[in-house]
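The values are calculated or read from the model by the stated rules, or taken from the named source; none is laboratory data. Here the structure is a predicted model, which is why all the values come from computation and not from measurement. Glycine also receives a Cβ, built like all others from the backbone with ideal geometry; neighbour counts cover every protein chain displayed. We work out accessible area using only protein heavy atoms, side chains counted, and drop any ligands, DNA or RNA first. Shrake-Rupley method; radii C 1.70, N 1.55, O 1.52, S 1.80 Å.
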Amino acid sequence: MPRCVVVGSVAIDEVVELRQPLRPGAHLDGRPRGRRVGGGAANTAIPLACAGHEVTVVSAAGTDPDGSAILARLSEAGIDTSQVARLPGPSTLSLVLNDAEGERTVVNLHRCREDGPPRRLRTLPADVIYVRSRELDLGRVLAGRLDTALVVAHVPPSAPGARPAHVLVASSADLTVSERHAPWETGRRAAGESLRWMVVTDGPRGAEAFSADRRLHVPARETVTVDSTGAGDVFAAGLVHALARGEPMETALVKAVSWGTAAVEVEGLPARDRILALL
């Protein structure tokens, strides 16, 4: 299986189930649903490992018990955690609010960050590098990997040159109106001439992929949303899985939508058996 390096955050999520939709000024009822490992890197790496890929996570965790719990969960999934820096202090902590419709709101309570870009990314063996980070200092490191690995990155940031990559992935909700109207141009601005595809997810409406001269659309099948937390990350895992195996975007987009849809049907991430059934 291809070697996948996933760059982004690993975190502890404290989950609260709301009995009413979140709205400004309201007094809401909720109940705690416990703590679980989350963050964009973890939510992408775990499904990839379930699918049989050799996965390494590049991230940072604190020296607190939460950091040890995060690394234990990743190792349990078969992920190489040797590139997760242990930094003095607390790990990344998020409050995840899930309403009765399965929609979620994430409140970041603390972020564990390295000072500067992870320079070890320059030499790590990789067939595919996936970046799920909003850090602005990764451009030069990613540009140096374009000739040695397939680079897939999430936007935003979509500033000029911020994300040198072959494939970009964005949620429609994270794009401005003008960016949604010109997705290919938005992607080229962020990635430069290396860009082959700009992929845009749109929740229950599925996803689209844009190249210089093509537009693909894959609708999502109808389903009941239980928990949308991490669904975009699992979508990205499905996309990376297919592209790493050499599949064209036409089939990779179908696979990504099916993985993302499976993610909203369960609380937390889909189990290994569910991922294997989607291969």
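A few remarks follow.
- A cut-off under 13 angstrom between Cβ atoms defines the neighbours of Arg31, and their net charge, with Lys, Arg +1 and Asp, Glu -1, is -2.
- Trypsin sites (Lys or Arg not before Pro) within the range 13-100: DSSP coil, no more than 16 neighbouring Cβ in 10 Å: Arg19
- The range 63-221 - percent of accessible surface contributed by carbon and sulfur, probe 1.4 Å: 49 percent
- Environment charge of Glu135, counting only residues whose C-beta is closer than 14 Å and scoring Lys/Arg +1, Asp/Glu -1: +4
- Low-density loop cleavage sites - trypsin sites (Lys or Arg not before Pro) in the range 184-215, where at most 13 other Cβ are within 10 Å (DSSP): Arg214
- A 1.4 Å probe run over the chain, with the rest of the protein chains in place, finds 45 Å² accessible per residue.
- Charge dipole (the chain, unit charges on Cβ, about Cα centre) - positive-most of Leu74, Leu253, Val7: Val7
- Based on DSSP H segments of at least four residues, each scored -39500 (n - 2.57), the chain has a per-residue ellipticity at 222 nm of -8500 deg cm²/dmol.
- Listed options for Rg and Dmax of the Cα atoms in Å are (i) 17.7, 53; (ii) 20.3, 59; (iii) 17.0, 49. The value calculated from this structure is the one marked (i).
- Mean Cα-pair separation over length for the chain, i.e. relative contact order, pairs under 8 Å, 6 or more apart, %: 17 percent
- Ligands, DNA and RNA aside, Leu136 has an accessible area near 130 Å² when probed at 1.4 Å.
- Neighbours of Leu279 by Cβ distance under 15 Å: Lys/Arg scored +1, Asp/Glu scored -1, total +2.
- Value of relative contact order over the range 166-250, rounded to a whole percent, pairs C-alpha under 8 Å and six or more apart: 23 percent
- Shown here for the range 166-226: GluC sites (Glu not before Pro) in loop regions (DSSP other than H, G, I, E, B) with at most 16 other Cβ atoms within 10 Å, namely Glu222.
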